[in-house]
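These notes are about the structure you will find just below.
Every number here is computed from the coordinates shown, using simple stated rules; none is lab data. Quick caveat, the model's predicted, so the values are computed rather than measured. So basically every Cβ, Gly included, is an ideal-geometry build from the backbone, and we count neighbours across all protein chains shown.
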Amino acid sequence: MNTSVKKPIRCAIYTRKSTSEGLDQDFTSLDAQREAAQHYIRSQQAEGWTALPESYDDGGFTGANTERPALQKLLADIRDGRIDCVMVYKVDRLSRSLLDFTYLLELFDQHQVTFVSVTQQFSTNTSMGRLTLNILLSFAQFEREMISERTKDKMAAARKKGKWVGGRPVLGYDPNRNTRQLVVNEQEAVLVREIFELYLTERSLLKVTRRLNAQDRQIKAYITKSGKQLGGGRFKTTDVQYLLKNYLYIGQVRYQGQSYPGEHPAIISESLFERVQALLAENRIARSTITNTKCLGLLSKRIYCRACQSIMVHTYSSKGTRRWRYYVCSSAQKRGYDTCPTRSVNAQAMEEVVVTSLRQLARNPAQQLEALAELNQGLASERKALLAQQHELEAVIPKLTSRLEALKSQQADPATRAEIKRLATELQDKEPLLSHLRTRLIQIDEQQLAQKELEQALDITSTAWETLFPQAKRQVLELLLDRVDYDARDQKLGVMLSTRGVQVLQERLEASNGREHGAR
């Protein structure tokens, strides 16, 4: 005899009526919907189905959105694990929006909640119901893609009609937010014309940038709809290039390589614009013949200009068969070399100084202890700060959880529901943060260096160093170094090691030695 008892399936009945008309009657449309659902539940009693006593009735609320009090209460109870099945009279009682309906079904699925429609025989508890769900999801995806395509088509049509469709305002124009058209800013337009003429005279983006910055000229400043101020500041070569290539200045709108007459007036003549484009193309071809992207220095990605806090890039100049390598401040390249005290340094000399300092460290145990103390001190300081944050979160999270549980019995009050939502959101933010802190603390403990690890990692810079190819040398320095700071003002060089890089290099050396011993 089978005495097993089926697990009860707690069913929540959701009802909705779009208008409030007739809700004061003894028997309303909501009552009819609930009664039909109760009959269905009774037919499934053998499967353990039981109706929950709570009422989830939205009378006088549209199904076009999810801003309905009873629906929000239903969703909160689902998240709390109080519901196993949601039942409606018809699918459109839950939502008339396909996107909202899809979102709700996905939420139900996340919490293992079945959805049943009484009159349409729709249930995600059956294979046919799940098939229907997948069909609905496909249609929802189709709708989202159609919305995206319609938006793109609308933007394309607007551009083809010469309309400005928004984005970052450009120097020389002010956007009229009411008409969504560009209006000429006469004061800025004068500067735009000067920049175009200046480029034809100087024939160099960098020279134009230096002239503009020397005159304290600034890029376009503007205020967003949210009131945030953006833009302003000194010019970079990229700002000048963007300005010189912008078709808006000749009264045109660009879209997918085609130009269309714009609704806004031009600032410069087409002949001036074309001459500038020809010079830009000529300079681009000239630069491409001396590209040096394949020539990497040993300190690439690691050396910084301390004065500008900008990375220094590797470059070279050549005469005949001779080549001279340099590290150049990227900020000086963009804003002009007169803005940076470091500008450029001899690459070979800098690399030799760095390698020599690492070799000295490898031969000096006392310096190694100092370097270890400095490296581990940084980790210790970070660990202390993270521990303080961890203890704070471990104290706050239980209080938030307790407060949330206490309020759940008072959900009828709108203010209480708002507070519940706020507390739930705060918990969702703090719990992942606590997990992240714990993970980082474990990483810090693993990154604490021992002197033996540092000695083994630095050994590569002594006897074996000269046998390495340049690419291998660069990889070793990328691991050993966190960064190298140089400032020509005081002729000082700061070399900072990487704790994680030292460990990785030491592990590789141990593995390499193990393979050598195994081969013997």
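Taking 0.36 nm per intervening residue step and subtracting the Cα-Cα distance, what contour gain separates residue 215 from residue 433 on full extension? Mind dumping the intermediate values first?
Details: separation 218, 0.36 × 218 = 78.48 nm, distance 4.74 nm.
Residue separation times 0.36 nm, minus the Cα-Cα distance, leaves 73.7 nm.
Output the antiparallel fraction of DSSP beta bridges having both residues in the chain, as a percent to the nearest 5.
65
Along region 426-440, what does the Karplus equation 6.51 cos²θ - 1.76 cosθ + 1.60 (θ = phi - 60°) give for ³J(HN,Hα), rounded to whole Hz, x for Gly and Pro?
5, 5, 4, 7, 7, 5, x, 5, 5, 4, 5, 4, 5, 5, 5
Which aspartates and glutamates have a Cα lying under 16 Å from the Cα of residue 90, excluding residues fewer than 8 positions away in the same chain?
31, 35, 57, 58, 100
Relative contact order of region 193-324: what whole-number percent is it, with Cα pairs under 8 angstrom and at least 6 residues apart? Before the final figure, lay out each step's value.
On the way: 121 pairs, mean separation 20.5, N = 132.
The value is 16 percent.
Which of 249, 40 comes first, and how do the rest follow, when ranked by fewest Cβ neighbours within 10 Å?
In order of increasing Cβ crowding within 10 Å: 40, 249.
Given a cut-off of 19 Å, name the pairs among 207/236; 301/473; 220/245; 161/245; 163/236 whose C-alpha atoms lie farther apart than that in the structure shown.
Cα-Cα > 19 Å for 161/245; 163/236; rest within.
In deg cm²/dmol, rounded to 500, what helix-only [θ] at 222 nm does the chain give when every DSSP H run of at least 4 residues adds -39500 (n - 2.57) and the total is split over its residues?
One gets -17500 deg cm²/dmol as the mean residue ellipticity at 222 nm.
Running Debye on the chain with equal point scatterers at the Cα sites and no solvent, what base-10 log of I(q)/I(0) appears at q = 0.12, 0.13 Å⁻¹?
-1.12, -1.17
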